Structure formats: structure tokens, C-alpha cells
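Have a look at the structure below, then the notes.
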Amino acid sequence: MTPALLAFSCLLAVTLSYGGVCAVSPFGDCRRCRGMGHALKTDRKGRIKRGKDCHRCHATGKRIRIGRWLYNRWARIYRAGTD
């Protein structure tokens, strides 16, 4: 097996795996708030309390995966072009 063929097969496996993840679970945890929907703050005594809502995910704690976003965009353009 040549190195190019091996690299291609590995890339194909990773791509298909990511496509499967995007199909099964289109939403992942927000990277900024780590899926909590808000920041964590500490008061003067050092106790943890709830902070402000996350602006990136709008306090849901979820974000759409890049692969799913690309698929949604492609499907929208395809539907608009076939009408």
C-alpha cells in the first residue's frame, strides 16, 4: 500500500466519521461556556456563583457543528435553485 493511498483512506475515514457525527448529533457544546450557557464567577469569599449568560450560544449551551452548518447551507441553496 502506497503512502498516498494510506493517507487518502485515513482522510476518507475521518471525513465519513465526522459526517456521521453531524448527522446523528448536529449540535455540540458551546466552546466558550463549555455547554453551561453562562459564565462562572466567584464572590468575595471565593464561592462559585452563576455569571452572565453566554452571548455566543444565547444561553443555550449548544452550538451547531460546522459540518451540519455546511450541509444546511448546501441544502438551502439546492432547494432554492430547483424551484
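A few comments on the model shown:
- Full extension of the chain segment joining Ala7 with Arg47 gains 9.4 nm, where the gain is 0.36 nm per residue of separation less the Cα-Cα distance.
- Ranked packing of 38-50, 63-75, most packed first, by mean Cβ within 10 Å: 63-75, 38-50
- Karplus-based coupling profile of region 4-12, in residue order and whole Hz: 5, 5, 5, 5, 5, 5, 5, 5, 5, with θ = phi - 60° in 6.51 cos²θ - 1.76 cosθ + 1.60 and x standing for Gly or Pro.
- By the equivalent-ellipsoid construction on the alpha carbon gyration tensor, region 23-81 comes out with semi-axes of 35, 10, 6 Å, ordered largest to smallest.
- Computed [θ] at 222 nm, deg cm²/dmol, the chain (DSSP H ≥ 4; -39,500 (n - 2.57); rounded to nearest 500): -15500 deg cm²/dmol
- Cross-link partners of Lys41 among lysines (Cα-Cα below 16 Å; sequence separation of 8 or more within a chain): Lys49, Lys52
- The label-point distance for Ile77 and Ala23, in a model that sets each label 7 Å from Cα toward Cβ, rounds to 2.1 nm.
- Entry note, region 23-81: relative contact order of 35 percent, from Cα contacts under 8 Å with a spacing of 6+ residues.
Every number here is computed from the coordinates shown, using simple stated rules; none is lab data. Because the structure is predicted, anything quoted here is derived from the model rather than measured. Cβ: placed from backbone, ideal geometry, glycine included. Neighbour counts: every protein chain shown.
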